[in-house]
1. Picking from Arg186, Arg171, which residue would you name as being surrounded by 16 or more Cβ atoms within 10 Å (Cβ to Cβ), more than 16 Å from the ligand (Cβ to nearest atom), assigned to a loop (DSSP other than H, G, I, E, B) and touching a residue at least 12 places away in the same chain (Cβ under 8 Å)?
2. Checking the conditions here, which among Leu211, Leu147 is buried (at least 17 other Cβ atoms within 10 Å of the Cβ), in the same structural domain as Leu100 (by TED's automatic domain parsing), closer than 21 Å to Lys250 by Cα and away from the ligand (no atom under 15 Å from the Cβ)?
3. So, Asp160, is that one within 11 Å of the ligand (Cβ to nearest atom) and assigned to a strand (DSSP E or B) or not?
4. When you go through Ala118, Ala91 one by one, which is the residue that is more than 16 Å from the ligand (Cβ to nearest atom) and surrounded by fewer than 17 Cβ atoms within 10 Å (Cβ to Cβ)?
5. Out of the residues in the range 130-148 that are in contact with a helix residue (DSSP H, G or I) (Cβ under 7 Å, 6 or more places away or on another chain) and modelled with pLDDT under 95, which is nearest to Lys226 (Cα to Cα)?
6. Let me confirm something: among Ile206, Ile198, which residue is more than 13 Å from the ligand (Cβ to nearest atom), in contact with a helix residue (DSSP H, G or I) (Cβ under 9 Å, 6 or more places away or on another chain) and modelled with pLDDT of 95 or more?
7. Enumerate the pairs (first residue in the range 273-300 and assigned to a strand (DSSP E or B); second residue anywhere and of a type outside the set (D, E, K, R) and surrounded by fewer than 12 Cβ atoms within 10 Å (Cβ to Cβ)) with beta-carbon separation below 6 Å, excluding pairs fewer than 6 apart on the same chain, so at least 6 apart or on different chains.
Amino acid sequence: MRSIQTIIILLTFLCFLIDAATIPEEHRKRSSDGTSGKTLEPRGKPRRQRKPGHRRKKKDEGMPKYFHEPGGTQLGNHYDSRYHHGIQDYADRKDTQLHLLRAYLTFFNVNHIETWLAHGTLLGWWWNGKMLPWDWDIDTQVSGSTLKYLGDRWNGTHYDYVSPDDPPVKRTYLLDVNPASIERERGNGNNIIDARWIDTSNGLYIDITGLSETHPDDQPGVWACKNYHRYHTTDLYPMRETMYEGVIAKVPYAYDRILTQEYNERALVLTDYQGHRWDPVVKEWLPKSEEELEEDRKEKEAADQIKEAQKKREEAKKEEADKKQEAEKEKKLREQERKDKEKAEKEKERADKKAEVQRLKAQQILMREKSKKAKEVEQPKNSVKGSNHNNVDAQHKAKAGEQWNGEARV
Ligand SMILES: *[C@@H]1O[C@H](CO)[C@@H](O)[C@H](O)[C@H]1NC(C)=O
């Protein structure tokens, strides 16, 4: 009795404890005044809210995109959103790009900042020391240390430019260095362009990317930009001083290797490209005439038709092969089905036979028993000794009594 009482008291106490622990008010009060243990803390800590305008500085990973383009069409991507107001026509754009580049190279040269031509801009230099007229991108590169210097010393520079033409072209260019440029790994890919030289009158720009030895320990002498272009020190240096669009410029030492690696040999020999034709006499890429373009269109149409026909033929061939394969499969399936059926039939036959044999055996046994019984009924006294048949035994038991039974057992 006393132990039952103890259990009841203990249970009551336990219930009280559980109750106390699950009262929400208690819970809240205890955790908010900080006196409670860890188990009473709310599970998920509320997310710390980031203050508006606060950016994580440490890694490029969370960095938002710094340079913005209006986008929309393909050409919209070549303008800086802040200064963009409409897409220019061919002549206007070419003129803008010419001054953009001349001003850039002059600014860098005058201030003894090293920069060199890259990508399509370098390819244009290979042909005739000028920009490729169909190319909307202008690309230059600087070393990682120059990039740092640009950010520290020249970021936000507005460069007023007056061309020597008559009448002179007056423009103001902005050197804008991406704050993500201090991070030399690609990160989230939002900020692969490290800096821009922007025409503030229309938003067209030059993309400036830095090259850094990102893995000096295991890949010394390999320079990379954030867009996976890689160069060896000996491909870049010593830089070659040259002229580009009439002003002093630099190109990497092994420009031919760099170009063939990036564009393959065809880019150095093909004289018909993007609606332009290389004129070897004037050494210029000239836009094709309307007739030439029309001819190109017709040629392309014919080629497309041939391609289309070929494609159709191939498709038909494939369809036929598929059908054949399907039929083959079907045939195999049928064959398998037939085999399975045959096997099942054979098995059934065998089972039937076995059953029949067993049935016959059983019948035989029954008949044998019957005939034995019949014999014994005919001459019951003849079979006293030596018989071990139950039925016969029983009959004899009845006739010979206990004594016989004892005798027979000995
Ligand atoms: C360059 O200047 C702009 C505008 O002030 C600024 O947003 C950017 O972070 C600067 N870049 C660097 C590398 O400091």
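1. Exactly one of Arg186, Arg171 is surrounded by 16 or more Cβ atoms within 10 Å (Cβ to Cβ), more than 16 Å from the ligand (Cβ to nearest atom), assigned to a loop (DSSP other than H, G, I, E, B) and touching a residue at least 12 places away in the same chain (Cβ under 8 Å), namely Arg186.
2. Criteria check complete, one pass: Leu211.
3. Against the criterion (within 11 Å of the ligand (Cβ to nearest atom) and assigned to a strand (DSSP E or B)), Asp160 does not qualify.
4. Ala91
5. Asp137
6. Selected residue: Ile206, the only one of Ile206, Ile198 that is more than 13 Å from the ligand (Cβ to nearest atom), in contact with a helix residue (DSSP H, G or I) (Cβ under 9 Å, 6 or more places away or on another chain) and modelled with pLDDT of 95 or more.
7. These pairs meet every condition: Trp278/Thr271.
Each row is one residue, and each column tells you yes or no for (1) under 30 Å from Pro238 (Cα atoms); (2) loosely packed, with under 10 Cβ neighbours inside 10 Å; (3) not assigned by TED's automatic domain parsing to the domain that holds Glu241.
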| site | (1), (2), (3) |
| --- | --- |
| Ile258 | yes, no, no |
| Arg277 | no, no, no |
| Lys311 | no, no, yes |
| Lys317 | no, no, yes |
| Glu328 | no, no, yes |
| Arg350 | no, no, yes |
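The values are calculated or read from the model by the stated rules, or taken from the named source; none is laboratory data. What you see is a predicted model, and the numbers here were worked out from it, not measured in a lab. All Cβ positions, glycine included, derive from the backbone under ideal geometry; neighbour counts span all protein chains shown.
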